[in-house]
Amino acid sequence: MSDMRINGQRLWDSLMELAQIGATAKGGVKRLALTDLDKQGRDLVVRWGREAGMSITVDQIGNVFMRREGTNNALPPVMTGSHIDTQPTGGKFDGNYGVLAGLEVVRTLNDLNIRTEAPIEVAFWTNEEGSRFVPVMMGSGVFCGAFTLETAYAARDTEGKSVGEELARIGYKGEQVPGDHPIGAYFETHIEQGPVLEDADKVIGVVPAVMGLSWYDCVVKGMEAHAGPTPMGLRKDALQVATRIMQQVVAIADRYPPYGRGTVGMVQVFPNSRNVIPGEVKFSIDLRNVNDELLNTMHEEMLAYIEQTRKDTGLEISIERVSYYPPCPFHPDCVDAVRKATAKLGYSTMDVVSGAGHDAIYTARLAPSGMIFVPCKDGISHNEIEDAKAEHLEAGCNVLLHAMLERARVA
Ligand SMILES: [Zn+2]
């Protein structure tokens, strides 16, 4: 069993064929959720699923489950999947790789005449990208109960078309109640979408967790005054105080490596005039880390620093948390299955914590879940120049095959 391998050329050819639907002049893909092109992409993948002997179930939010029966169909399926919708300037691999890697696993099991005890399923989730319709990760979010079907149906694009109408129009408003579908374990293969694997020259990223994030709006209030007549010691310069806090955001992240992240990405200065001492500064803060404890420590340190700065300067400083997504640790059994499969196959590897969201965050609320990352060129995705090496995609798919077999068990 350990010398079993997928067919890398067939995987690559399928990726290139699917990428023709919505292909852009710059070599990328534009296949937004629930458009005619999404329907064509869905139809093609479903046809391939049927040709590989799988049965198809579509749920009410348009998630598609392609199933290969096991020898014991009372067991919940071992599932893999991702999404086939793309960004407006998307690439060939983001999402598509995870779905077609699952298909390639099934094709390989068919070739080798291997039955599994548990059924195997390949899923693709509706509107992961969140580009045409908000929120992101919509299909998997409804599936796990993060928000309701009604909320998702009511989401509209910029032309006023709703998810409910568009699902019905393209023929993917299914019967099954979202979530009314057991999962034994879930694996998702994905390009890394960051530069870490390539930089370290590793082939497989084992993903122990997805980072949590905490977003804030901070406002510092000083006093506008003339830049000439006002001596330095008698100023209330909001920008100078704001920049101290901004420096601290980065310092806090640096204190909690390797996954601490601190970013100030948006700044507004009032009145934003060359010869006026800034009277008010509004800015964003984005803190991230891999577990609740570290993220909470970073949060507390930032509040304490702001309190101290308030006392030291006498300026009014307000801070408000505007978003929070908790860190998502993946299940040790699934992380181990990926690690073991990678070791068995002899690929170079390292742990990579995901800084981006994926459907697996939501499946993790319902079933043991894990992810497999492969490098992408220069760490770039959500871009038409997104690229990945065929040998890396093949390696990730081999890891998926062996990790899924460990969970589904060869009959
Ligand atoms: Zn993706």
**Request:** Return one number: the angle in degrees, 0 to 90 and rounded to the nearest 10, between the long axis of the Cα atoms of helix 292-313 and the longest principal axis of the Cα atoms of the chain.
**Result:** 10
**Asked** Using the Cβ atoms and a cut-off under 12 Å, what net charge is assigned to the surroundings of residue 55, where Lys and Arg are +1 and Asp and Glu are -1?
**Response** +1
**Message:** Report the gain in length on full extension from residue 89 to residue 336: 0.36 nm times residue separation, minus Cα-Cα distance, nm rounded to one decimal.
**Reply:** 85.4 nm
**Message:** Using a 1.4 angstrom probe on the protein heavy atoms only, could you order 167, 37 from most to least accessible area?
**Reply:** 37, 167
**Asked** Lys/Arg Cβ at +1, Asp/Glu Cβ at -1, dipole of the chain taken about the Cα centre: which of 88, 45, 294 is farthest positive-ward?
**Response** 88
**Asked** With +1 on each Lys and Arg Cβ and -1 on each Asp and Glu Cβ, how big is the dipole of segment 19-103 about its Cα centre, in debye rounded to the nearest 20?
**Response** 200
**Request:** Run the 1.4 Å probe and let me know the accessible area of residue 328, rounded to the nearest 10 Å².
**Result:** 20
**Message:** I'd like the distance between the alpha-carbon centres of segment 74-122 and segment 198-227, rounded to an integer number of Å.
**Reply:** 32
**Fill in**
Once the in-chain neighbours fewer than 8 apart are removed, the lysines whose Cα is under 20 Å from residue 344 read 202
**Request:** Take every DSSP beta bridge whose two residues both sit in the chain, then give the antiparallel share in percent to the nearest 5.
**Result:** 70
**Request:** Please work out how much length the chain gains when fully extended from residue 226 to residue 111, using 0.36 nm per residue of separation minus the C-alpha to C-alpha distance, in nm with one decimal.
**Result:** 33.5 nm
**Message:** Give me the dipole magnitude in Debye, nearest 20, for the chain about the Cα centre, with unit charges on the beta carbon: positive for Lys and Arg, negative for Asp and Glu.
**Reply:** 180
**Request:** Take the alpha-carbon centre of segment 307-376, take the same for segment 156-186, and report the distance between them in whole Å.
**Result:** 27
**Request:** Can you bin segment 212-325 into rounded, prolate or oblate? Criterion: square roots of the alpha carbon gyration tensor eigenvalues sorted a ≥ b ≥ c, rounded for a/c under 1.5, prolate for a/b above b/c, oblate for the rest.
**Result:** prolate
**Complete:** With the charge dipole of segment 212-325 built from beta-carbon charges (+1 for Lys and Arg, -1 for Asp and Glu) about the Cα centre, the Cα from 309, 322, 222 projecting farthest to the positive end belongs to 222
**Request:** Grab the beta carbon distance between residue 316 and residue 293, set R0 = 25 Å, and tell me the FRET efficiency rounded to 0.05.
**Result:** 0.20
**D_trans [Stokes-Einstein, Kirkwood Rh over alpha-carbon pairs] for the chain, 37 °C, 0.692 mPa s, µm² s⁻¹** = 143
**Message:** Straight-line reach from residue 389: which aspartates and glutamates fall under 20 Å, measuring Cα to Cα and dropping same-chain residues less than 8 apart?
**Reply:** 13, 17, 94, 104, 188, 192, 198, 199, 201, 351, 378
**Request:** Using a 1.4 Å probe and ignoring any ligands, DNA or RNA, find the accessible area of residue 199 and quote it in Å² to the nearest 10.
**Result:** 140
**Message:** If DNA, RNA and ligands are ignored and the probe is 1.4 Å, what is the ranking of 116, 230, 243 by accessible area, most exposed first?
**Reply:** 243, 230, 116
**Prompt:** Relative to the first principal axis of the alpha-carbon coordinates of the chain, what is the inclination of helix 390-408, with its axis defined by its Cα atoms, in degrees from 0 to 90 and to the nearest 10?
**Reply:** 70
**Message:** Quick check: at a probe of 1.4 Å, how many percent of the accessible area of the chain sits on carbon and sulfur atoms?
**Reply:** 50
**Dipole of the chain, positive direction: furthest Cα of 352, 8, 194, with charges on the beta-carbon** = 194
**Asked** To the nearest 20 debye, what charge dipole does segment 212-325 have about its Cα centre, counting +1 at the Cβ of each Lys and Arg and -1 at the Cβ of each Asp and Glu?
**Response** 360
**Asked** What residues qualify as long-range amide H neighbours of residue 189, i.e. H under 5 Å apart, gap of 5 or more or another chain, H built at 1.01 Å from N?
**Response** 81, 372
**Message:** Using 0.36 nm times the number of residues separating residue 383 and residue 1, minus their current alpha carbon distance, what extension gain do you get?
**Reply:** 133.7 nm
**Request:** Could you name the lysines whose alpha carbon sits less than 16 Å from that of residue 221, not counting residues in the same chain fewer than 8 places away?
**Result:** 236, 282, 311
**Request:** Report, in cubic angstrom per residue, the convex hull volume of the C-alpha atoms of segment 253-411.
**Result:** 174
**Asked** Taking a probe of 1.4 angstrom, what is the accessible area of residue 377 in Å², to the nearest 10?
**Response** 110
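The values are calculated or read from the model by the stated rules, or taken from the named source; none is laboratory data. All values reported here derive from a predicted model rather than from experimental measurement. Backbone-built Cβ (ideal geometry, glycine too); neighbour counts: all protein chains shown. Please note that ligands, DNA and RNA were not included when accessible areas were found on the heavy atoms of the full protein model with its side chains. Shrake-Rupley method; radii C 1.70, N 1.55, O 1.52, S 1.80 Å.
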